[in-house]
Amino acid sequence: MKYRWMLCILVMTTLALGCSSSDMARVTIVIGDYTTAKAEAPSIIDRVLMLFGTRAEAMSTNWPDAHGDILLKIEGDGLETIETLFPAGTDSFSTEVPAGTQRRITVKSTITGTGYLNYGGSETIDLNPGDDVTLPIRMIPIVEIFATSGGMNILLNWDNANTLSLGAFVSGYNLYRSDSPEGGYSFLGYFPNSTNAQTSTSNTPPLILPVSYYYRVTVVSSEGEGLPSEPASSYRSY
């Protein structure tokens, strides 16, 4: 009887795994890089558990420990946005993702005790059915931007970040502008980092009034370009 029960479980597991891999891929996201990633090949039990949820495990990386829960977002053409929240101590987690091209995977977390709104990172990958991949994502600060009127110009100020997690160096900031908070945003320019300043400032070109614009800024570092800030808006009617 016990043998039959075990055989039944094995058959059900095999069938479930066969069904689950038909249009899904397994992605293990590691906050860091391959040198800090120690993801192991999934066991059969892990595969079964993936049918009912997402497996997560704590791992050691160099980004700040004092952070809140981690938001995972998965986006792509023809795909309804998927959002999952992981505990603050989680630095590696696995999830099933619908296969397809240009799957954008983003992670964000609020850092406590700093002037930054968040840390975050994003990667875009193509996934085939049955793929099992490890995806390292570097966490880079997401700074806050402020917009105020300054004569015929809009005065922009944003948080200054001199060094990033994982020892990354901030070289400067990219500034973007749109006439809609949702985008699309056009590149306005690159502004070098000032190691002594508390804020960085830029005057945009003169505006044709009345006008309402939205601005976003990204950190540029040795780890690449970070995620954009939340938009700052400014309206001029005179």
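Coordinate-derived values only; no laboratory data. These numbers were taken from a predicted model, which means no experiment stands behind them. Note that we place each Cβ from the backbone using ideal geometry, even for glycine, and neighbour counts take in every protein chain shown.
For the reader, a short list of remarks on this structure follows.
- Karplus 3J(HN,Hα) series, Hz, for segment 131-145 with 6.51 cos²θ - 1.76 cosθ + 1.60 (x for Gly, Pro): 4, 9, 10, 10, 10, x, 10, 7, 9, 10, x, 10, 8, 9, 10
- Sites Val211 and Thr148, calculated FRET efficiency, Cβ-Cβ separation with R0 22 Å, nearest 0.05: 0.90
- For segment 173-187, backbone phi angles converted through the Karplus equation (6.51, -1.76, 1.60; θ = phi - 60°) give residue-by-residue couplings of 9, 9, 10, 10, 9, 8, 8, 9, x, 7, x, x, 9, 9, 6 Hz, Gly and Pro being listed as x.
- Taking amide hydrogens as placed 1.01 Å from N in the peptide plane, the amide H of Gly189 sits under 5 Å from those of Leu175, each at least 5 positions away in sequence or on another chain.
- Taking amide hydrogens as placed 1.01 Å from N in the peptide plane, the amide H of Met24 sits under 5 Å from those of Ala99, Gly130, each at least 5 positions away in sequence or on another chain.
- Sequence-distant residues sharing a close amide H with His67 (under 5 Å, placed H): Thr112
- The slack between Ile125 and Lys73, meaning 0.36 nm per residue of separation minus the straight C-alpha distance, is 17.4 nm.
- Potential lengthening between Leu85 and Tyr190 on full extension [0.36 nm per residue; Cα-Cα distance subtracted]: 34.5 nm
- Spacing of the modelled spin labels on Asp23 and Asp132, each 7 Å from Cα toward Cβ, amounts to 2.3 nm.
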